[in-house]
Amino acid sequence: MNFTLHQLKVFTTIVEHKSITKAAIELNMTQPAASIQLKNFQDQFEIPLSEVIGRQFYVTEFGEEIYEIAQEILNKTETIQYKTEAFKGLLSGKLRISVVSTGNYVMPYFLNGFLKNHPNVELVLDVSNKTNVIKDLEQNLVDFSLVTVSPTHLEINELPIMENNLVLVAAKNNTLLNNENNEKSIFKTIPLIFREEGSGTRHTMMEFFKQEKIAPKTQLVLTSNEAIKQAVVADIGVSIVSLLSIKNELLQNEIKIIPTKGLPLKSTWKLIYLKKKELSPVAAAFLAYVASEKESVYAQYFNWLDAILE
């Protein structure tokens, strides 16, 4: 048996994506080149590692076992590289983080200083919906996930980072809600723009409505925070969004916050990771950095929130 590390990398990437085309894009290869590497790797086994039925790629049971071993080999290879760099006084390696879409307004500010301190660290940042973020964590494809609602089916460690405040917003020229402090009962009558099922923002909203015994009216359901903001700016409706996400719209006088009793709704941004995961030197260093610097990062980049919430 004479496989190469490159073949292991191609094979594991194809398995993770369940697609030769997507794996080739990630690896910066052509699809035929990736297919050849996969074939050369598979030819070294008498038992099939994968099969294609129709146009769908499937991994066999044997292939799944080889995938697990290949991952261990690649991880050990990366560790050798990390250790070598560490002996030279440098921190290097990959840092893999998945972030829910609204968390994109948070995570870059915690990465900024860390990456400047460690320029040899390679960042892989995936911004997606909550379902995909938790799936990445569950499959051990990332070191950390940034969420406000923690999964209950996984054993995880959590590092709280900062508070997340959800406020009711409308277009600047919207005249529907002009009271200085609206009652919670307004949610029984005003149509709301919602995030999709499963999002952390929607979860926090629905918990609030459940507690207050309110059956909210749904005007529209959109799958991203950016889409909701544009709908609000266009005065299609009102919505409850993270205050973090509307800084620019507030500065540009496109959106206004509607004072409402019971709001802002509060949750917490948390960096989570699997309890059983053995953190790489890079991941451990990032975790320590966030724990020690989160107050100073907040003071430098997020203190504008305090003035609005007073």
So the angle from the long Cα axis of helix 281-301 to the longest Cα principal axis of the chain, reported in degrees to the nearest 10, equals 20
Residue by residue through the range 234-241, the couplings from Karplus 6.51 cos²θ - 1.76 cosθ + 1.60 with θ = phi - 60°, in Hz, x for Gly and Pro, are 7, 6, 6, x, 10, 7, 9, 9
Scoring only Lys, Arg, Asp and Glu (+1, +1, -1, -1) among other residues with Cβ under 14 Å from the Cβ of Ala299 yields -3
Checked the range 107-167 with the C-alpha gyration tensor, a ≥ b ≥ c its square-rooted eigenvalues, rounded below a/c of 1.5, otherwise prolate if a/b is larger than b/c and oblate if not; verdict oblate
Length gained, Asn117-Asn174, 0.36 nm per residue minus C-alpha separation, equals 15.9 nm
Of all DSSP beta bridges with both partners in the range 29-187, the antiparallel percent, nearest 5, is 25
Summing -39500 (n - 2.57) over every DSSP H run of at least 4 in the chain, dividing by its residue total and rounding to the nearest 500, the 222 nm mean residue ellipticity is -13000 deg cm²/dmol
The relative contact order of the chain, taking Cα pairs under 8 Å that sit 6 or more residues apart, comes to a percentage of 20
The range 210-258 and the range 1-53 have their Cα centres apart by a whole-number Å value of 44
Most packed first (mean Cβ within 10 Å per residue), the peptides 11-22, 35-46, 259-270, 53-64 order as 11-22, 259-270, 35-46, 53-64
Extend 7 Å from the Cα of Ser224 along its Cα-to-C-beta direction; within the range 121-150, residues with backbone N under 17 Å of that point are 125-133
Sorted by chain and then number, the residues having a modelled amide H within less than 5 Å of the amide H of Met162, at least 5 places away or on another chain, are Trp269
As straight-line cross-link partners of Lys116, the qualifying aspartates and glutamates (C-alpha separation under 16 Å, not fewer than 8 residues apart within one chain) are Glu293
Ranking Gln230, Leu176, Leu159 by how far each Cα lies towards the positive end of the charge dipole of the range 159-236 (+1 on Lys and Arg Cβ, -1 on Asp and Glu Cβ), the top one is Leu176
Note on the chain, DSSP bridge orientation, antiparallel percent to nearest 5 equals 55
With Cα coordinates, the longest principal axis of the chain makes an angle with the long axis of helix 31-42, in degrees rounded to 10, of 50
Given backbone amide H placed at 1.01 Å from N, residues whose amide H is under 5 Å from that of Val99, ignoring those fewer than 5 places away on the same chain, are Asp126, Val127, Ser128, Leu146
Low-density loop chymotrypsin sites (Phe, Trp or Tyr not before Pro), the range 116-207, at most 10 other Cβ within 10 Å, DSSP non-H/G/I/E/B, are none
Pairs over 19 Å Cα to Cα, from Lys9/Lys275; Lys188/Lys261; Lys188/Lys213; Lys213/Lys261; Lys22/Lys277; Lys94/Lys270, come to Lys9/Lys275; Lys22/Lys277; Lys94/Lys270
Whole-Hz Karplus couplings 3J(HN,Hα) for the range 52-64, θ = phi - 60° and coefficients 6.51, -1.76, 1.60, Gly and Pro as x, run 10, 10, x, 10, 9, 8, 10, 9, 6, 4, 5, x, 5
The FRET efficiency for Ala299 and Asn253, from their Cβ-Cβ distance with R0 = 30 Å and rounded to 0.05, is 0.70
For the range 166-235, dividing by residue count, accessible area per residue (probe 1.4 Å) in Å² works out to 53
Scalar couplings 3J(HN,Hα) for the range 181-191 by Karplus 6.51 cos²θ - 1.76 cosθ + 1.60 (θ = phi - 60°), nearest whole Hz, x for Gly and Pro, are 8, 6, 6, 4, 5, 4, 6, 7, 10, 7, x
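The values are calculated or read from the model by the stated rules, or taken from the named source; none is laboratory data. Quick caveat: nothing in here was measured; it's all calculated off a predicted structure. Positions of Cβ are backbone-derived with ideal geometry, glycine not excepted, and every protein chain shown enters the neighbour counts. All accessible areas refer to the heavy atoms of the entire protein, side chains included, with ligands and DNA or RNA removed. Shrake-Rupley method; radii C 1.70, N 1.55, O 1.52, S 1.80 Å.
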